[in-house]
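Below is one structure, written out as structure tokens; the observations come after it.
We did not get these values from a lab; they are worked out from the coordinates using the rules stated. Owing to the predicted nature of the structure, the values given are computational and were not obtained by experimental measurement. In this analysis, Cβ positions are derived from the backbone assuming ideal geometry, glycine residues included, and neighbour counts consider all displayed protein chains.
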Amino acid sequence: MINRSVRERKSRCAPSHSQFWIAQISRRTTNLIAADLRRRQSYVSGFSLVEIMLALTILSIAAFVAFPSKAPTRPYKLDLAASQFADAIRHARTEALRMANPYGVYVESGQSRLRVFRGDVGTLPPTPIFDVVHPVSKRLYEIDLKTETGTQGVAVSTTATWSGACALPQILGFDAAGIPRCGSSWNVLLETSQIALSHAGHIRLIIVDGETGRVTIQ
């Protein structure tokens, strides 16, 4: 009798089969609704990695267009002009040694031009004759920075110190031994010569050593 009463109480307390499935369905529905809410919140409040990368790319391009780089550019025109001037002076000295005859350069600062000449030994000092040709182009060896596309805008100035008075310091000559001399007073030796080339705030110096005739760019 007692066992029967206990079974009846358990039977009344235990959930029915339908109640069990209703609870399961309710729990699953609640979980799905919560997951959907989290997914919707992530869509509203967050961005995918692809979206972030695309936005950064667009911002980078916009910043580059709006604020172009202000980094200093290399003075290619100045480097080219300095190289051409230095090569011309070296060529004049080389020809003087090779031909055992005076050669030199005439630097016209106001015209931003340099011309290579040979000296006429029939006069004293040797008279400059501008018939020297470039070893490659075979044209008259002269450099005009104003007309050449790669060197337009480069300014030229010259300074030199001599062992005596030099009436035309812009004319630099080399004797048969390669020693630099004043073109207007051949007995006056060069102590140091400096040709300054400037462009866009940059400067290159072409130095000719008075003792050796060596040409360097600084």
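Remark: the Cα gyration tensor places region 118-200 in the oblate category, a/c being 1.5 or greater and a/b not exceeding b/c. Relative protection proxy for 126-136, 206-216, from highest mean packing down: 206-216, 126-136 (other beta-carbon atoms within 10 angstrom). With the convex hull of its Cα atoms as the shape, region 76-217 has an orientation-averaged projected area of 7.9 nm².
Given R0 = 35 Å, the distance between the Cβ atoms of Ile207 and Leu56 translates into a calculated FRET efficiency of 0.10.
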